[in-house]
Amino acid sequence: MKITNPENSKKIIVGNNEKLLLQLEDFDAGSREFALEVVLEGENAYCEIQGRVQTKKKDEKQWNVVMQFNDANQTGIIELRGTAEDDAKLELNGTAIIDKKSTQATAQVKEKIILFGNGKGKALPVLTVQTDNVKSASHSASVAPVSDEQILYLQSRGIDKKEAQEVLTSGFLK
């Protein structure tokens with residue numbers, strides 16, 4: 001399933017033995033906020049979310065993605081990447097909640113933001129584990145400006161600064 005330029009809120013329920021691969025993409029101009037709730041209801045439910053978002057100029061975008069684990073042998077992966085360019089702001093909030101009635105869950109929350117110019121980014125992965133019976137649970141975040149060395153390397157190959165930024169953005173968001 002693919003959602004392009006998501007905004008407002010959406011709720012998805014994944015049942016017994018169901019597998020959901022969800023792609024979120026937002027590369028268009030404009031400020032917006034998006035909230036997604038995924039509830040893993042059935043045993044062996046699987047959900048993988050891959051989100052890619054780009055902010056430019058003075059745009060402000062915020063994504064709040066929550067995955068709730070409620071049964072046995074569930075797997076949930078939230079992997080969000082984005083860029084904040086110019087004077088834009090980007091906030092990524094991925095949350096995995098492993099309920100006390102969940103057993104042998106696998107949860108992973110990863111967020112990465114790269115900054116260009118005066119762009120600002122905030123990544124807040126949250127992992128709430130309410131049981132001791134978990135297979136694995138992890139979270140990570142990275143917010144960093146693109147290195148001058150990367151831009152300089154591409155410029156030394158005859159690519160101007162603006163195009164170098166576009167190449168790095170495109171590669172990062174793939």
**Study point:** Sole exception among (1) assigned to a strand (DSSP E or B); (2) in contact with a helix residue (DSSP H, G or I) (Cβ under 6 Å, 6 or more places away or on another chain); (3) of a type outside the set (Val, Ile, Thr) for residue 91, by number
**Key:** (2)
Review point. Is it the case that some residue within the range 97-107 is at pLDDT 95 or above and under 11 Å from the mean Cα position of the chain (by Cα)?
Key: no
Exercise for review: Might you let me know whether the range 127-148 holds any residue that is assigned to a loop (DSSP other than H, G, I, E, B), among the hydroxyl-bearing types (Ser, Thr, Tyr) and crowded, with 21+ Cβ neighbours inside 10 Å?
Suggested key: no
Exercise for review: Restricting attention to the range 117-151, report how many residues are modelled with pLDDT under 90 and among the aliphatic types (A, V, I, L, M).
Suggested key: 1
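The values are calculated or read from the model by the stated rules, or taken from the named source; none is laboratory data. It should be emphasised that the depicted structure is a prediction, and the values quoted were computed from it without experimental measurement. For neighbour counting, all protein chains shown are included, and Cβ atoms are generated from backbone atoms with ideal geometry for every residue, glycine included.
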